[in-house]
Ligand code: ADP
Ligand code: ZN
């Protein structure tokens, strides 16, 4: 008997084994297969096929083989297997992340009313009647839609099936090839010889086609009044041919990535020597990780570009990863300008059609450079010679749902498997990467100066305690910041103002009973969005109209505390009525493309001040910005997370790096209540190494990464007691399991004790043996199926909430 191991996209599920029927040859790794799963038929990916030991159970046979050759390249399948292993998720979940849209064919469970059902329609009652009515109307056919009807449950449907009133069917949905094709008509040789007598419409069609030897799309002919009918008549007469051509949907159009920055002509001496070192390391078959630590504005993008050109010249391909395309359009644009159509782009904001086409172009080998976000690490790019991870410290590389992989770390593994050079670039490297550079695991290449010897911004710290003493506790914009903003308006220069918190106010407090307005589903207070007139939870999106009186005691004495970007925007408009102010946060850029539009208005000089959250701190290059204001540098410091200081340092350094990137020098004003906190002090001096050393001492003392490896286990339950109880059970099982090479801490209620209606408890494993820690967690959780569904295992967590 020959068996095949198959990955299907079901959370938590490992590889499944099926039988290969006689006459079906062994499929390659990466081929799509249709397999039965429970009552459905689903698409899976072949992980390997071969002979077996005889005896034992006989697995079910596969239904069909969809591809002759690997759909997903073997290298990507192997990478997914590594991800499943390392991050403790199902291999199918990892593979689903790597698949393009529309690659899955699945059976949809449908219901049809039978003759018996029809006859009994009027006799049945309640849910059964409702279900039959819905089916009879013909509007509903899938089970999923049917159980949404009031009173109808899965039990209702299976009862009806048992009694013969309905029938379940499973038509397959999806197509093996989902490229967009367009039908073209052109003349045959016979038509060119002429002779045939045609009606007026056909004569006209022939005349048009004669002028277009490459053919004309049927849709275009239709706009000229030539119907498809007419063309088909020509086809029947042997005068024309219709063929299908594949159309590429191009994501570069209309995504704001078209405006390219011109590459510079001459590299600085520092850039040149860095490029030299990088080129030496980009040799075929040689894996190495370089950490490129370059201060903001040191010209890292230019290095990426030239290194990429070098690697492409030697016949290999390049993967460039960026945190978020909309926030870092420069890299994509520069690469597009240099490589033209040999560049593909992969990120989640593309339409399914665009992503599909780009994926298949990469797969066919038509692409030299892939630019993309986190999931682009799985791009089906052959012959990779270079992987670049720009802004490698950025938290958006970590996926916060299963598979909980870190795009940067998977990129390093992919490069290792491919024998390629990987370059991790940042002005503020993550603690992990810098520790690896210090230990010699990564090679450190530094750019210490800005290009053209532009100075880094001058940073002034404003101690808000002094401001409160002078102006009272309500001051939001300090006097120095107000003056600096006004000066910029007078000089027609631009400013950026950062506050990493959106909304108008953070808390609604009743001054009579002291109650705050909290989210019913999460343990946080609701944020006030004034222009929308609503109070909203930033975790579950629960929202309600802003109350006028306290919901507890009905007193009308409601006070708004704390502030967010919406309030800052208003303060600046009041202070500087002539200034053109824009705001970038998740409230103003909901719509696709809205952020690109706002940023390009700012770049074009149509706005004077840009207020925003961390979205504006990333790698933008606005040469006319000479002032950066940070409203409350401490926002991130209060968070119950061991990375709080690191995040604060990164954010402040990055945002200060936005000032003074053109010919004009820059200034940053940082408002804080903790001017002596080391993350704020070092950020103001832009002294990365000093920060790293202070922070490392803290991590070593507290036993946090990079001093140890960490696994975070969160258990969700209906009540707090249940969550704590179940987490305690896991913790004690882990303590018994081995207790070897790791320590178990907890359980304790998670910092967000309640989230989306579920109570959460957490525990940690700390140690130096990831393999042992993973094995222990897997063993404990695997044996408790029900608990496993409610348990999140996060290996190398980025967020502790
Ligand atoms: P980083 O990513 O390191 O912050 P960028 O790559 O965005 O820096 O470069 C900052 C600015 O300096 C850009 O406007 C870029 O065009 C310019 N630049 C880079 N290299 C040079 C150079 N060698 N000569 C002149 N300008 C340069
Ligand atoms: Zn909530």
Criterion violated by residue 683 - all others in (1) touching a helix residue (DSSP H, G or I) at 6+ places or on another chain (Cβ under 8 Å); (2) crowded, with 18+ Cβ neighbours inside 10 Å; (3) assigned to a loop (DSSP other than H, G, I, E, B) satisfied:
(3)
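Does the range 740-751 hold any residues that are at pLDDT 90 or above and out of contact with any helix residue (DSSP H, G or I) (no Cβ under 6 Å at 6 or more places or on another chain), and which are they?
Matches in the range 740-751: 743, 745, 748, 749, 750.
Being modelled with pLDDT under 90 and under 22 Å from residue 493 (Cα atoms) narrows it down to one of 671, 686, 654, so name that one.
Values: 671 fails: modelled with pLDDT under 90; 686 fails: under 22 Å from residue 493 (Cα atoms).
None of the others qualify; the one that does is 654.
Restricting to the range 363-395, count the residues that are in a helix (DSSP H, G or I) and out of contact with any helix residue (DSSP H, G or I) (no Cβ under 9 Å at 6 or more places or on another chain). Break it down into steps so the answer makes sense when it comes.
Narrowing the range 363-395 to residues in a helix (DSSP H, G or I): 363, 374-378, 395.
So of that shortlist, the ones also out of contact with any helix residue (DSSP H, G or I) (no Cβ under 9 Å at 6 or more places or on another chain) come out as 363.
Within the range 363-395, residues that are in a helix (DSSP H, G or I) and out of contact with any helix residue (DSSP H, G or I) (no Cβ under 9 Å at 6 or more places or on another chain) number 1.
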Criterion (surrounded by 13 or more Cβ atoms within 10 Å (Cβ to Cβ), modelled with pLDDT of 90 or more, in contact with a helix residue (DSSP H, G or I) (Cβ under 7 Å, 6 or more places away or on another chain) and in a loop (DSSP other than H, G, I, E, B)) met by exactly one of 627, 607, 637:
607
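When you scan the range 54-132 for helices (runs of 4 or more DSSP H) that lie fully inside it, which ones turn up with 2 or more residues that are touching a strand residue (DSSP E or B) at 6+ places or on another chain (Cβ under 7 Å), modelled with pLDDT of 90 or more and under 30 Å from residue 162 (Cβ atoms)? Spell out how you get there, then give the answer.
Values: elements: 74-87, 91-98, 115-120.
Hits in the range 54-132: none.
On the basis of being part of a loop (DSSP other than H, G, I, E, B), surrounded by 15 or more Cβ atoms within 10 Å (Cβ to Cβ), within 16 Å of ligand 2 (Cβ to nearest atom) and at pLDDT 90 or above, does residue 522 make the cut? Please lay out each step first, then the result.
Details: part of a loop (DSSP other than H, G, I, E, B): yes; surrounded by 15 or more Cβ atoms within 10 Å (Cβ to Cβ): yes; within 16 Å of ligand 2 (Cβ to nearest atom): yes; at pLDDT 90 or above: yes.
It is true that residue 522 is part of a loop (DSSP other than H, G, I, E, B), surrounded by 15 or more Cβ atoms within 10 Å (Cβ to Cβ), within 16 Å of ligand 2 (Cβ to nearest atom) and at pLDDT 90 or above.
Here is a list: 772, 716. Which entry is surrounded by fewer than 20 Cβ atoms within 10 Å (Cβ to Cβ) and in contact with a strand residue (DSSP E or B) (Cβ under 7 Å, 6 or more places away or on another chain)?
Working: 716 fails: surrounded by fewer than 20 Cβ atoms within 10 Å (Cβ to Cβ).
From the options 772, 716, the qualifying one is 772.
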Just for the range 521-550: of the residues that are farther than 18 Å from residue 567 by Cα and in contact (Cβ under 8 Å) with a residue 24 or more places away in the chain, which one is nearest to ligand 1 (Cβ to nearest atom)?
539
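A quick yes/no check of all residues on (1) over 23 Å from residue 469 (Cα atoms); (2) touching a residue at least 24 places away in the same chain (Cβ under 8 Å); (3) part of a loop (DSSP other than H, G, I, E, B):
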site: 633; (1), (2), (3): no, yes, yes
site: 641; (1), (2), (3): yes, yes, yes
site: 648; (1), (2), (3): yes, yes, no
site: 658; (1), (2), (3): yes, yes, yes
site: 671; (1), (2), (3): no, yes, no
site: 674; (1), (2), (3): no, yes, yes
site: 690; (1), (2), (3): yes, no, no
site: 695; (1), (2), (3): yes, yes, no
site: 701; (1), (2), (3): yes, no, no
Filter the range 148-178 down to the residues that are in contact with a helix residue (DSSP H, G or I) (Cβ under 7 Å, 6 or more places away or on another chain) and modelled with pLDDT under 75 and list them by number.
178
Subset of the range 525-541 (residues that are within 8 Å of ligand 2 (Cβ to nearest atom) and surrounded by fewer than 17 Cβ atoms within 10 Å (Cβ to Cβ))
539, 540, 541
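I need a count of the residues in the range 587-601 that are in contact (Cβ under 8 Å) with a residue 12 or more places away in the chain and either surrounded by 23 or more Cβ atoms within 10 Å (Cβ to Cβ) or under 24 Å from the mean Cα position of the chain (by Cα) (or both).
Residues of the range 587-601 in contact (Cβ under 8 Å) with a residue 12 or more places away in the chain: 587, 589, 592-593, 595-601.
Remaining after also requiring either surrounded by 23 or more Cβ atoms within 10 Å (Cβ to Cβ) or under 24 Å from the mean Cα position of the chain (by Cα) (or both): 587, 589, 592-593, 595-600.
Matching residues across the range 587-601 total 10.
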Mind telling me which of the residues 367, 325, 334 ends up being surrounded by 18 or more Cβ atoms within 10 Å (Cβ to Cβ) and under 23 Å from residue 69 (Cβ atoms)?
367
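Please find, among 497, 462, 528, the residue that is under 27 Å from residue 300 (Cβ atoms), in contact with a helix residue (DSSP H, G or I) (Cβ under 9 Å, 6 or more places away or on another chain) and not in a loop (DSSP other than H, G, I, E, B). Don't jump to the end; show me each part of the working.
Numbers: 462 fails: under 27 Å from residue 300 (Cβ atoms); 528 fails: under 27 Å from residue 300 (Cβ atoms).
Unique residue meeting the criteria: 497.
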Restricting attention to the range 438-451, report how many residues are outside any loop (DSSP other than H, G, I, E, B) and under 24 Å from residue 669 (Cα atoms).
1
Does the range 745-756 contain any residue that is more than 23 Å from residue 428 (Cα to Cα), within 16 Å of ligand 2 (Cβ to nearest atom) and assigned to a loop (DSSP other than H, G, I, E, B)?
yes
If only one of 376, 332, 395 is within 25 Å of residue 452 (Cα to Cα), more than 16 Å from ligand 2 (Cβ to nearest atom) and under 23 Å from the mean Cα position of the chain (by Cα), which one is it?
332
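Mind listing whichever residues of the range 10-27 are in a strand (DSSP E or B) and either under 25 Å from the mean Cα position of the chain (by Cα) or surrounded by 16 or more Cβ atoms within 10 Å (Cβ to Cβ) (or both)?
Restricting attention to the range 10-27, the residues satisfying the condition of being in a strand (DSSP E or B) are 16-19.
The answer is 16, 18, 19.
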Just to be sure I understand, how many residues within the range 72-99 are more than 30 Å from residue 713 (Cβ to Cβ) and surrounded by fewer than 22 Cβ atoms within 10 Å (Cβ to Cβ)?
3
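With away from ligand 1 (no atom under 16 Å from the Cβ) and under 28 Å from residue 507 (Cβ atoms) as the only criterion, which of 561, 607 stands out?
On the way: 607 fails: under 28 Å from residue 507 (Cβ atoms).
Criteria check complete, one pass: 561.
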Is it the case that the range 179-198 has a residue that's at pLDDT 80 or above, exposed (fewer than 13 other Cβ atoms within 10 Å of the Cβ) and in contact with a helix residue (DSSP H, G or I) (Cβ under 9 Å, 6 or more places away or on another chain)?
no
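Tell me which residues, restricted to the range 221-235, are outside any loop (DSSP other than H, G, I, E, B), modelled with pLDDT of 85 or more and farther than 14 Å from residue 188 by Cα.
Result: 221, 222, 228, 229, 230.
Take the conditions surrounded by 19 or more Cβ atoms within 10 Å (Cβ to Cβ) and touching a helix residue (DSSP H, G or I) at 6+ places or on another chain (Cβ under 7 Å) and apply them to residue 475. Does it pass? Outline the logic, then answer.
Working: surrounded by 19 or more Cβ atoms within 10 Å (Cβ to Cβ): no; touching a helix residue (DSSP H, G or I) at 6+ places or on another chain (Cβ under 7 Å): yes.
When the stated conditions are applied, residue 475 does not pass them.
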Would you confirm whether or not the range 544-567 contains a residue that is assigned to a loop (DSSP other than H, G, I, E, B) and within 16 Å of ligand 2 (Cβ to nearest atom)?
yes
From the list 488, 492, 450, which residue is surrounded by 15 or more Cβ atoms within 10 Å (Cβ to Cβ), more than 16 Å from ligand 2 (Cβ to nearest atom) and farther than 22 Å from residue 680 by Cα?
488
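The values are calculated or read from the model by the stated rules, or taken from the named source; none is laboratory data. Keep in mind that this is a model prediction, so the values were computed, not measured. Reconstructed Cβ throughout: ideal geometry from the backbone, glycine too, with neighbour counts over all protein chains shown.
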